[in-house]
1. Residues of segment 30-66 being open to solvent by 90 Å² or more (accessible area, probe 1.4 Å) and modelled with pLDDT under 80, which ones?
2. Would you be able to tell me the number of residues in segment 95-151 that are of a type in the set (D, E, K, R) and closer than 30 Å to Phe78 by Cβ?
3. Only one of these conditions is not met by Glu107: (1) open to solvent by 40 Å² or more (accessible area, probe 1.4 Å); (2) more than 14 Å from the chain's Cα centre (by Cα). Which number is it?
4. Residues to consider are Val137, Val123; find the one that is at pLDDT 85 or above, surrounded by fewer than 19 Cβ atoms within 10 Å (Cβ to Cβ) and more than 23 Å from Lys10 (Cβ to Cβ).
5. Please work out which residue is nearest to the chain's Cα centre (by Cα), limiting yourself to segment 67-89 and to residues that are open to solvent by less than 40 Å² (accessible area, probe 1.4 Å), farther than 16 Å from Leu108 by Cα and modelled with pLDDT of 80 or more.
6. Quick check, is Ser115 touching a residue at least 60 places away in the same chain (Cβ under 8 Å) and among the small types (Gly, Ala, Ser)?
7. Answer yes or no as to whether Gln152 is within 21 Å of the chain's Cα centre (by Cα), of a type outside the set (Phe, Trp, Tyr) and buried (at least 17 other Cβ atoms within 10 Å of the Cβ).
Amino acid sequence: MIKLEKKQVKIISIIIALVFIGSVVALALTQTGSGVASAASSGNVGVIDYRQVRSQHPDLQNLETQFNAAIEEVKKEFDEKSQGMNDQEKADYYQQSQQRLMQKQQELIEPVEKSIEAAAKNVADKKGLSVVIEKSVVIYGGQDITQDVIAQLNKK
């Protein structure tokens, strides 16, 4: 019987964090398309610190609780079902378990991302901004709307 050790849990957590960061970067890259050039020339560019907004999202604590419960459930299921499996079968089942956890994380985080996007759009519309991009990709300029988006999310 294989039990997930702290090291394995850390590895899973790191993998999940990397997947999430990759999705945030992909989101930022998709928002920095051709609209940026025209928006920059008109001065209607908003910037947002996405990590700060996400870390202060009102639903984040609940999501972490749900995800930790999912991790415990997967660990328990792995322990039960992996008894009697050979090493290769255990490794394959472990991979499947990791994939299920990544899928669960995506299911949990998707509504948060959509609410952040909606709040950013709402704030941008109110301020007359034509584009909002991730603050970390901006070298100079742009109107920071991070706190406004956080306030918008906390109203709901």
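The values are calculated or read from the model by the stated rules, or taken from the named source; none is laboratory data. Note that the structure is predicted; figures quoted are calculated from it, not measured. Positions of Cβ are backbone-derived with ideal geometry, glycine not excepted, and every protein chain shown enters the neighbour counts. We work out accessible area using only protein heavy atoms, side chains counted, and drop any ligands, DNA or RNA first. Shrake-Rupley method; radii C 1.70, N 1.55, O 1.52, S 1.80 Å.
1. Thr30, Ser34, Ser41 - these are the residues of segment 30-66 that are open to solvent by 90 Å² or more (accessible area, probe 1.4 Å) and modelled with pLDDT under 80.
2. So the count comes out to 5.
3. (2)
4. Val137
5. That would be Phe78.
6. When the stated conditions are applied, Ser115 does not pass them.
7. yes
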